[in-house]
Structure formats: structure tokens, C-alpha cells
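**Q** Got a structure for you, written out below as C-alpha cells; questions coming shortly.
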Amino acid sequence: MNKRTLNQRLLLILIVATSFVSGLKAQDVDSLFTVARDAAFERKDYTTAIQVSKTALDIKPDYTELIIFLARVYAWSKQYDSARLYFNEALRQQPGSEDAFTGFADMEYWAGSHEAALNVVNNGLKVHPASEGLLLRKARILEARKAYAEAIPVLDSLLRINRKNAEARRLAVQIQDHIAKNGLGVRYDYIHFDQQFPDPWHLAAVDYTRHTKAGAFTARVNYANRFSTEGLQYELEAYPRFSKTFYSYLNVGYSDNNVVFPKWKAGASLFANLPKAFEAELGVRYLYFNRDVFMYTIYAGKYYNRFLFGARTFLTPQTSSLTQTYSIMTRYYFGGPNDYIGLLLGSGLSPDDVRSNVQLNSGYKMRNYNGEITARISIQQLNVITANFSMLNQEYLPGQKGNQLQFGLGYIRRF
């Protein structure tokens, strides 16, 4: 028995012994509450937590916070009938207690009583219509009941209240994957050069995505017409999920024309959804034209209200130096996870950008600055339209600069 546990038990014995002499006072009840919390949270000793809580409630039966705590402990120990008794008592004492509603809903959800849980949440939302906890629980219950169409507007309401709610965003994507496990996408990009090349570039892509419990998997064919020649690139892409916190990115691509595309490309990243609405990525990219190009990437992002702010760098080790690419971005979400307007500013070329990564094969270390505006809009959840415009100012030869203007449109149909 450690010193802290011994002290807690001695305190409990002292308080109970004192009660026989003079009766417990309010501060003594608070001390009992502290002992009960420590037993439940620190040692997972639910039996002791229940016994101590009942002792305190015998002295102060209108201690609503303690009643809710006791009900939660009963729920954690799967004694659902006793938990219901105390949650109902807490709501009788304080009919508007948000803590009681959320705890009661959790208990019914854990017990598998989804209809009862939904009734509790709906009653709580009548009193607290903007409660993030109750809205999230309602969406989770509706997902469990496979009422996906009803869950989407609940999550939309929650994300309008707090865009940085990472669990709501994760659940929104998961529910969309339940509704439509397949996606077919098409895209076209037009690129104009005022100096560097005499002819514009044309790029197009078609892809198919399958959403599974393990993650999303995509097959894609890219087409390009540039440098007065045409070519195709074939890609496989995946986003395997390991847990609520970690997921990954995997990509491999091949082209038989290494003039308009890298002959080989590959990528791998590990993503993490971190506390306080942060996210991070650590990864590597590989391109092969007639030589190997390895690039390493680090990304960090932060959700704040309806905004996402992020910064990324690509580092390319070379024989005599380290080539560096930087970018910062922000997105404003005005609806669900597929409704946003974004802005990106950066310096350097990205290996992930099929529109320009072919220029990484240049023997000259090109300096450039770029900016891009992106819009993504969903229509009736199953249709997604994307549009973007970018401008890149590039020193493509020593002392020679030119501008590159790009406009792209895309459409995704989920089914």
C-alpha cells in the first residue's frame, strides 16, 4: 500500500469516527467526496468510491454534484439500474443539469439502450441547445442507430459552434463514409506561362475511391500534355487508420513517360490528431526521373473556431546543400468538412503537386514564390465541387524569371 492510499484511508477512518461524536459538517462531506474521487479516478476502485459517496450522501442528500458522480461510478461499473436511479434523482434536484444529462446519456449508450439515450439527449438539448457535449453524443447515438442522414445536420450545428472540435470532424468524415462508400472524381487543370514555356500545360485526372473501416483507398489515372508531348501516370493511394489518434498516408505511382511525369513516385506519412485541436504529420516522398529525389516533410496544423491554420516544409538533402520548401495555409470552414475556402502561400515546389512536381527534375535550383486560393463545396452531401487558382513566380534560369498561372476545376460524386 503506497503512502497516498494509506493517508486517504486514514482520513476516511478519521472522518467517519468523528461523525459518531459530533456529526459531519459540510467540509467533512467535501473531504469524503475527495476520497471517493481519488478511489475512482486514481485506483479504479469503484466499490470504495460507491461506499464513500453513499456515506457522504447520508449526511448531505441534496449534494447534486456528488449524486451525479455516484451515478457515473455505477455506470462505469456496469450497474446500470443503480446508475439510472441516481441520474434521475440528480435531475429531480436540478432539472437543468447539463452534467447529469451528458452522464445519463453516456450510461444509456454504454448499456446499449440507444433509444433511451436519444431521449435523454433530446431532453437535455431543450435546456442547452448549444451544448457541444450533448450534440456530439446525439450524433454518436444516431450513428450507432445507422440514422446517418439525421446525424449530419447535428454535426454541422456542432461544427458551426466549434470548428476545432476534432472528435466532431472525425465523426463527420466517418458518417460520410457510411453514407457513401464509393467516390468517383474528375479534375482538369490549365497552366499558362508568360516566359518559361511557349505552350500551356493541360492536366486531367480521374480517380475511384473506396471507403472502408480500415481507411480510404484510391486508384487514379493522371493525364498531362506538356513539353509538346503527352503521357499518363497511374497511382494507388491509401489512408489507413490505426486509431482515433493516428492514421497514415501511402502512395505509389508509375509513368512510362518520364518527360511529363516522374517515372516512379512514392510517399508515406504518419498523421496524428493531437489534443487541443492540433494535428501533425511526418513523412517522406520519393521521385525518380533519371535520378533519385528524396524529400522529407513536416507539417503542423491547428483548428481554431472555424479556421484551420497550418505550416509545412519539404527538405531535400543534396550533396552540398539542403533544399528547403516552405508553405503556410489557412482554411475557413463554412459548413461541413467538405465546405471551405483556403489560402496557401509558399516558396518552392511540392512533390505532392502533380501540376508542377515534374520541374523538380531541373538541374537548376529554381527559386519561386507562389500563392493559391482554393474552394471546396458540397451539395447534398454526395456531390463535391472544387475550384482553385494559383500564381507562381519562378526564377527558372539564372537571372530569368517568369509567371505561371493555373486554374483548376474538379467534381466528386459519392455513392
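**Q** Within the bounds of region 116-128, is there any residue that is under 30 Å from Leu308 (Cβ atoms) and within 17 Å of the chain's Cα centre (by Cα)? Outline the logic, then answer.
**A** At the first step, the residues of region 116-128 found to be under 30 Å from Leu308 (Cβ atoms) are 121, 124-125, 128.
Filter again for within 17 Å of the chain's Cα centre (by Cα), leaving none.
For region 116-128, residues under 30 Å from Leu308 (Cβ atoms) and within 17 Å of the chain's Cα centre (by Cα): absent.
**Q** Further question on the same structure: Assuming Pro129 fulfils every condition listed in (1) more than 13 Å from Gly335 (Cα to Cα); (2) in contact (Cβ under 8 Å) with a residue 60 or more places away in the chain apart from one, which condition is it?
**A** All conditions are met except number (2).
**Q** Let me ask something else. Which members of region 189-214 meet the condition of being among the β-branched types (Val, Ile, Thr) and over 32 Å from the mean Cα position of the chain (by Cα)? Steps first, please.
**A** Applying the first criterion (among the β-branched types (Val, Ile, Thr)) to region 189-214 yields 191, 206, 209, 212.
Passing the criteria: only Ile191.
**Q** I'd like to check which helices (runs of 4 or more DSSP H) are fully inside region 41-100 and have at least 3 residues that are assigned by TED's automatic domain parsing to the domain that holds Asn123 and within 34 Å of the chain's Cα centre (by Cα).
**A** By residue number, 64-76, 80-93.
**Q** Which one of Arg355, Arg414, Arg367 is touching a residue at least 60 places away in the same chain (Cβ under 8 Å) and touching a Lys or Arg at 6+ places or on another chain (Cβ under 9 Å)?
**A** Numbers: Arg355 fails: touching a Lys or Arg at 6+ places or on another chain (Cβ under 9 Å); Arg367 fails: touching a residue at least 60 places away in the same chain (Cβ under 8 Å).
Going through Arg355, Arg414, Arg367 in turn, just one is touching a residue at least 60 places away in the same chain (Cβ under 8 Å) and touching a Lys or Arg at 6+ places or on another chain (Cβ under 9 Å): Arg414.
**Q** Moving on to the next point. Would you mind finding the one in Thr34, Thr48 that is surrounded by 17 or more Cβ atoms within 10 Å (Cβ to Cβ) and either farther than 21 Å from Leu136 by Cα or in contact with a Lys or Arg (Cβ under 9 Å, 6 or more places away or on another chain) (or both)?
**A** Values: Thr34 fails: surrounded by 17 or more Cβ atoms within 10 Å (Cβ to Cβ).
Step by step, each of Thr34, Thr48 is checked, and only Thr48 is surrounded by 17 or more Cβ atoms within 10 Å (Cβ to Cβ) and either farther than 21 Å from Leu136 by Cα or in contact with a Lys or Arg (Cβ under 9 Å, 6 or more places away or on another chain) (or both).
**Q** Same structure again: Considering only residues of region 154-175 that are of a type in the set (D, E, K, R) and assigned to a helix (DSSP H, G or I), which is surrounded by the most Cβ atoms within 10 Å (Cβ to Cβ)?
**A** Per the criteria, the residue is Arg169.
**Q** Within region 65-109, which residues are among the hydroxyl-bearing types (Ser, Thr, Tyr) and surrounded by 24 or more Cβ atoms within 10 Å (Cβ to Cβ)?
**A** Tyr86
**Q** Next up: Tell me whether region 208-222 contains one or more residues that are surrounded by fewer than 18 Cβ atoms within 10 Å (Cβ to Cβ), over 20 Å from Tyr249 (Cα atoms) and either of a type outside the set (Gly, Ala, Ser) or modelled with pLDDT under 95 (or both).
**A** Looking through region 208-222, none of the residues is surrounded by fewer than 18 Cβ atoms within 10 Å (Cβ to Cβ), over 20 Å from Tyr249 (Cα atoms) and either of a type outside the set (Gly, Ala, Ser) or modelled with pLDDT under 95 (or both).
**Q** May I pose another question? Residue by residue through region 275-291, note down the ones that are within 29 Å of the chain's Cα centre (by Cα) and in a strand (DSSP E or B).
**A** Hits for region 275-291 are Phe278, Glu279, Ala280, Glu281, Leu282, Gly283, Val284, Arg285, Tyr286, Leu287.
**Q** Quick one: in region 385-411, of everything that is at pLDDT 95 or above and not hydrophobic (A, V, I, L, M, F, W, C), which residue is surrounded by the fewest Cβ atoms within 10 Å (Cβ to Cβ)?
**A** Applying the filter and picking the extreme gives Tyr411.
**Q** With the checklist (1) over 25 Å from the mean Cα position of the chain (by Cα); (2) in a helix (DSSP H, G or I) in hand, flag the one item Ala151 doesn't pass.
**A** Going through the list (1) over 25 Å from the mean Cα position of the chain (by Cα); (2) in a helix (DSSP H, G or I), Ala151 breaks only (1).
**Q** Sticking with this one: Of these, Phe217, Phe271, Phe261, which one is over 28 Å from the mean Cα position of the chain (by Cα) and either more than 30 Å from Pro398 (Cα to Cα) or not in a strand (DSSP E or B) (or both)?
**A** Criteria check complete, one pass: Phe261.
**Q** Take the residues in region 347-384 that are in contact with a Phe, Trp or Tyr (Cβ under 6 Å, 6 or more places away or on another chain) and farther than 24 Å from Asp292 by Cα, then tell me which one is surrounded by the most Cβ atoms within 10 Å (Cβ to Cβ). I'd like the intermediate steps shown before the answer.
**A** Just the residues of region 347-384 that are in contact with a Phe, Trp or Tyr (Cβ under 6 Å, 6 or more places away or on another chain), to begin with: 347, 361, 366, 373, 376.
Cutting the leftovers down to farther than 24 Å from Asp292 by Cα gives us 373, 376.
Numbers: Ile373: 13, Arg376: 20.
Checking each candidate, the answer is Arg376.
**Q** Hey, does region 311-332 have a residue that's of a type in the set (Phe, Trp, Tyr) and in contact (Cβ under 8 Å) with a residue 40 or more places away in the chain?
**A** no
**Q** Could you give every pair whose Cβ atoms fall below 9 Å, whose first residue belongs to region 297-308 and is modelled with pLDDT of 95 or more, and whose second residue is among the hydroxyl-bearing types (Ser, Thr, Tyr), counting only separations of at least 6 or pairs across chains?
**A** Pairs that qualify, where the first residue is modelled with pLDDT of 95 or more and the partner is among the hydroxyl-bearing types (Ser, Thr, Tyr), are Thr297/Ser269; Thr297/Thr313; Thr297/Thr325; Thr297/Ser350; Ile298/Thr313; Tyr299/Ser269; Tyr299/Thr313.
**Q** Looking at Ala151, Ala144, Ala111, which one is in contact with a helix residue (DSSP H, G or I) (Cβ under 8 Å, 6 or more places away or on another chain) and closer than 29 Å to Tyr63 by Cβ?
**A** Just one listed residue meets the conditions, Ala111.
**Q** Out of the residues in region 154-169 that are under 10 Å from the mean Cα position of the chain (by Cα) and either in the same structural domain as Asp339 (by TED's automatic domain parsing) or among the hydrophobic types (A, V, I, L, M, F, W, C) (or both), which is farthest from Met107 (Cα to Cα)? Please lay out each step first, then the result.
**A** Step one: list which residues in region 154-169 are under 10 Å from the mean Cα position of the chain (by Cα), which gives 164-169.
Add one more test, that the residue is either in the same structural domain as Asp339 (by TED's automatic domain parsing) or among the hydrophobic types (A, V, I, L, M, F, W, C) (or both), and what stays is 166, 168.
Details: Ala166: 23, Ala168: 20 Å.
Checked region 154-169; the qualifying residue farthest from Met107 (Cα to Cα) is Ala166.
**Q** Got at least one residue in region 83-100 being closer than 27 Å to Phe41 by Cβ and touching an Asp or Glu at 6+ places or on another chain (Cβ under 7 Å)? Please lay out each step first, then the result.
**A** Just the residues of region 83-100 that are closer than 27 Å to Phe41 by Cβ, to begin with: 83-94, 96-100.
Imposing the further condition that a residue be touching an Asp or Glu at 6+ places or on another chain (Cβ under 7 Å) reduces the set to 93.
There is at least one residue in region 83-100 that is closer than 27 Å to Phe41 by Cβ and touching an Asp or Glu at 6+ places or on another chain (Cβ under 7 Å).
**Q** Go through (1) within 27 Å of Phe307 (Cβ to Cβ); (2) surrounded by fewer than 19 Cβ atoms within 10 Å (Cβ to Cβ); (3) in contact with a strand residue (DSSP E or B) (Cβ under 7 Å, 6 or more places away or on another chain) and name the single condition Gly183 misses.
**A** So the condition that Gly183 fails would be (2).
The values are calculated or read from the model by the stated rules, or taken from the named source; none is laboratory data. Treat the numbers as computed from the prediction; the structure is a model and nothing was measured. Ideal geometry is used to build each Cβ from the backbone, glycine not excepted, and the neighbour counts take in all protein chains shown.
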